[in-house]
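Only the coordinates and a few stated rules stand behind these numbers; no lab work does. Being a predicted model, the structure only gives us computed values, none of them experimental. So basically every Cβ, Gly included, is an ideal-geometry build from the backbone, and we count neighbours across all protein chains shown.
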């Protein structure tokens, strides 16, 4: 099981869309996927995937109670089945979601108030879910975590639990400094928690508009000089808005769109990292094109 976190301390950079779309591309490949909505704002749960938040309350079966140790029931009961899909080769994939709940707004403060270290609570929960499912021969291939737009204890939990991270960024002037700050803070979190360095799978430039293409290309060159791999490109796209309206991930909603093609790139990269696909499959892909690649599904 490969666990990947989508992290950026800035809001509005496309983290929820990245997780939803990548989960859909993995599902289309017949993978068993768990998407974790660690952001109390709940865009992944309620907007991208059109699911209800988990019920609130001190005794409710939800992620808030599980992470603070108040839920003692079967861990797999916390997840919700979103969809099932049969891949071209006949493999049946599933997409489950660990939804957020309104109570998650209070979790950050509660965990900080504990005297013991609480950065491993999500790790413990994901391991418990995996063990529960393994007993029924239904383990996940991938876990994707949608992090809140802050480097708080929830994001620390995600980083401790993750094998690697995806970094959605906007190709704007302010993003370069923010990205450098994010990378420094990620390394500081690793050091303070005595973690091995997490793999940074790469950058995912997102949520930009074509009229700014000249500036965007200049920013992309600065990203390339850091150096970090640029895995895929996601201009603002009407297909993403349309997919969200139905709660269907883009690769299943409009499989032939440029956005779907880019999500499939990410799925291949993560499958290679998980040992589920050969490296040659990634190596055979064409390089990421210029920012003008996406045409028919981008907004003006």
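A few points about this structure:
- Axis of helix 258-273 versus longest Cα principal axis of the chain: the two differ by about 60°, to the nearest ten degrees.
- Listed by Cβ neighbour count within 10 Å, with the fewest neighbours leading, 91, 123 appear as 91, 123.
- The range 22-180: C-alpha gyration tensor shape, a/c 1.5 cut-off, then a/b vs b/c: oblate
- Share, in percent, of DSSP beta bridges within the chain that are antiparallel, nearest 5: 20 percent
- Comparing 162, 273, 20 in a Gaussian network model of the chain, where Cα atoms under 10 Å apart are tied by springs, the biggest mean-square fluctuation is seen for 273.
- Taking the C-alpha atoms only, the angle from helix 121-134 to the longest principal axis of the chain is near 90 degrees.
- If you plug the beta carbon distance of residue 109 and residue 77 into 1/(1 + (r/R0)^6) with R0 = 25 Å, you get a FRET efficiency near 0.45.
- Subtracting the Cα-Cα distance of residue 195 and residue 229 from their residue separation scaled by 0.36 nm leaves 10.0 nm.
- Largest mean-square fluctuation among 34, 186, 166, in a Gaussian network model of the chain whose springs join Cα atoms under 10 Å apart, belongs to 186.
- Compared with the dominant principal axis of the Cα atoms in the chain, helix 173-192 is inclined by about 40°.
- With the cut-off at under 13 Å, measuring from each backbone N in the range 3-35 to a point 7 Å along the Cα-to-Cβ line of residue 139 picks out 3, 32.
- Tail weight of P(r) past 26 Å, computed on alpha-carbon pairs of the chain, percent: 41 percent
- This ranking places 64, 201 by how few other beta-carbon atoms lie within 10 Å of each, fewest first, which gives 201, 64.
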